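Q: Handing you this structure, nothing more for now.
FYI, it's all coordinate maths here, none of it is from the lab. Treat the numbers as computed from the prediction; the structure is a model and nothing was measured. We place every Cβ from the backbone using ideal geometry, glycine too, and count neighbours over all the protein chains shown.
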Amino acid sequence: MMRFFFPACLVALLVGCGDPGPAPGEASDTVPAKEPTVPYKSCLDAAGNLIIEDSALESALRKLAGVSEGPIPKAALSRFAALTLNDQQIQNIDALGELGHLKSLNLTDNQVSDLAPLARLVNLEELWLR
């Protein structure tokens, strides 16, 4: 008798646990949870050029993109999967949030305090900070 009782209780316990959810065709009382969102500040103008507030970042990106003056097109940086921007005195990295193709980013020895723009870099695999 005991051999049957224990497995039967275990099955009843497992089957009875959890919320089965609404039956097919019924409305649910719960609202699905939303994923947290990062406030998005666009750093592109209407023509697809980067709007860069930090002069040190602008200077470094100009050198990498080969754009000496005028607007820096986002497309000019699309060939780079990795950016090394260490020791450039960079403080504001908002514009880097537009470079979603980046896989590696080195920002060591800068004065960056807000890393929120990097949340938009969905392909980022390596991030170097110090």
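Q: Arrange the peptides 107-113, 69-75, 50-56 so that the one whose residues have, on average, the most other Cβ atoms within 10 Å appears first.
A: Those peptides, ordered most packed to least, come out 50-56, 107-113, 69-75.
Q: I want the local charge near Ile72. Using Cβ-Cβ distances under 15 Å, sum +1 for each Lys or Arg and -1 for each Asp or Glu among the other residues.
A: -3
Q: Does anything in the stretch 72-95 have its amide N under 17 Å from the 7 Å Cα→Cβ label point of Ser55, and if so which residues?
A: Flagged as within label range: 88-93.
Q: Please give the net charge around Asn106, taking every other residue with its beta carbon less than 13 angstrom from that of Asn106, where Lys and Arg add +1 and Asp and Glu add -1.
A: Charge balance in the 13 Å sphere: -2.
Q: Something else: Count the net charge of all other residues whose Cβ sits under 14 Å from the Cβ of Asp94, scoring Lys and Arg as +1 and Asp and Glu as -1.
A: That works out to -3.
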